[in-house]
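Step one of this worksheet: look at the structure below.
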Amino acid sequence: MAAPPILKFRPLCSTSEVHAAHVLESACYPSDEAASLENMLYRFKHAPHLFLGAFAEDTLIGYIMSTQVAGPLVTHGSMSTHDPQGTTVCIHSVCVDPKWQRKGVASLLLQKYTETIREHSRCTGNIKRLAMLSRASLVPLYTRNGYTCLGPSAVSHGSEEWYDCILDI
C-alpha cells in the first residue's frame, strides 16, 4: 500500500484555483447552501489573504474561504461583503473533498488557518475573532479545534439549523 501524499497548505493563488474550489464547494454542500462561483470570485478578489488551500500532489483537496466584517458574528450580509477594516473573520466554507474526509484534513486546515490569521493579526492588529456557522453534526469538529459554540444562529441559510461558533484571537 502506498504512503499517503504529503499535504501542503498555502493560499489559493489564482482564479483557476477558485474554480477548483467551487467544484469542491458544489460537491460538499447542498445547492441551497453552496456559494456561487460569482460569490467565491468576489471574495477572492477582495480578500485573497483569507483563502487557504490544502493540496495533495498539486491537487486542491480542501480549502477555507472567508471575509472580514465589523460585527462579531456571521450574518447574511457578511456572506456577500468584505470590510478590510473589520475585526471579525467570517469563515464561509471549510470544505474537504469527500474522498479526503474523516482523515484529519479539516482539522489540519483549521489549525493552519488559525495560525495564518493570528500571524496576520500580529502584523495588522485588527483581527480579533474568527466566526462561522456550523451544522450541529460538525460542532464537535470545531470545538476540538478551539472554537466555542454559542448556540443556534439567527442566520437561516438553506434547510438546516446553524450554530454560531467563534474563536477569539
**OP:** For residues that are touching a residue at least 12 places away in the same chain (Cβ under 8 Å) and of a type in the set (K, R), scanning just segment 118-140, find the one that is surrounded by the most Cβ atoms within 10 Å (Cβ to Cβ).
**Re:** R129
Original post:
Looking at this structure, is V18 touching a residue at least 60 places away in the same chain (Cβ under 8 Å), β-branched (V, I, T) and open to solvent by less than 20 Å² (accessible area, probe 1.4 Å)?
Top reply: no
Original post:
Which pairs have Cβ atoms under 7 Å, sit 6 or more apart or on different chains, and link a residue in segment 146-167 that is of a type in the set (A, V, I, L, M, F, W, C) to one that is open to solvent by 50 Å² or more (accessible area, probe 1.4 Å) and assigned to a loop (DSSP other than H, G, I, E, B)?
Top reply: V155/T75; V155/H76
**OP:** Scan C90, C165 and give me the residue that is in contact with a Phe, Trp or Tyr (Cβ under 8 Å, 6 or more places away or on another chain), surrounded by 13 or more Cβ atoms within 10 Å (Cβ to Cβ) and at pLDDT 95 or above.
**Re:** C165
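Kindly indicate the residue of segment 46-62 that is more than 18 Å from I117 (Cα to Cα) and surrounded by fewer than 17 Cβ atoms within 10 Å (Cβ to Cβ) and also nearest to the chain's Cα centre (by Cα) among those meeting that condition. Outline the logic, then answer.
Taking segment 46-62 first, the residues more than 18 Å from I117 (Cα to Cα) are 55-61.
Next, from what is left, pick out any that are surrounded by fewer than 17 Cβ atoms within 10 Å (Cβ to Cβ): 57-59.
On the way: E57: 21, D58: 20, T59: 18 Å.
The extreme case among them is T59.
Kindly indicate whether A106 is in a helix (DSSP H, G or I), open to solvent by less than 30 Å² (accessible area, probe 1.4 Å) and either under 22 Å from P11 (Cβ atoms) or of a type in the set (D, E) (or both). Step through it out loud before you land on a result.
Values: in a helix (DSSP H, G or I): yes; open to solvent by less than 30 Å² (accessible area, probe 1.4 Å): yes; either under 22 Å from P11 (Cβ atoms) or of a type in the set (D, E) (or both): yes.
When the stated conditions are applied, A106 passes them.
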Subject >> Selected residue (only one of T114, T143 is in a helix (DSSP H, G or I), open to solvent by 50 Å² or more (accessible area, probe 1.4 Å) and polar (S, T, N, Q)) >> reply: T143
Subject >> Pair list, Cβ < 8 Å and 6+ apart or interchain, from segment 90-117 residues that are at negative phi and in contact (Cβ under 8 Å) with a residue 24 or more places away in the chain to residues that are among the charged types (D, E, K, R) and part of a helix (DSSP H, G or I) >> reply: H92/R43; S93/E25; C95/E25; S107/R144
Original post:
Only one of (1) among the aliphatic types (A, V, I, L, M); (2) surrounded by 17 or more Cβ atoms within 10 Å (Cβ to Cβ); (3) not in a helix (DSSP H, G or I) is not met by A154, so which one is it?
Top reply: (2)
Subject >> Selection count, segment 63-76, where residues are more than 20 Å from N126 (Cα to Cα) and either charged (D, E, K, R) or surrounded by fewer than 20 Cβ atoms within 10 Å (Cβ to Cβ) (or both) >> reply: 1
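The values are calculated or read from the model by the stated rules, or taken from the named source; none is laboratory data. Given the structure is predicted, the values throughout are model-derived calculations rather than measurements. Positions of Cβ are backbone-derived with ideal geometry, glycine not excepted, and every protein chain shown enters the neighbour counts. To get the accessible areas, we keep the full protein, side chains included, count just its heavy atoms, and leave off ligands, DNA and RNA. Shrake-Rupley method; radii C 1.70, N 1.55, O 1.52, S 1.80 Å.
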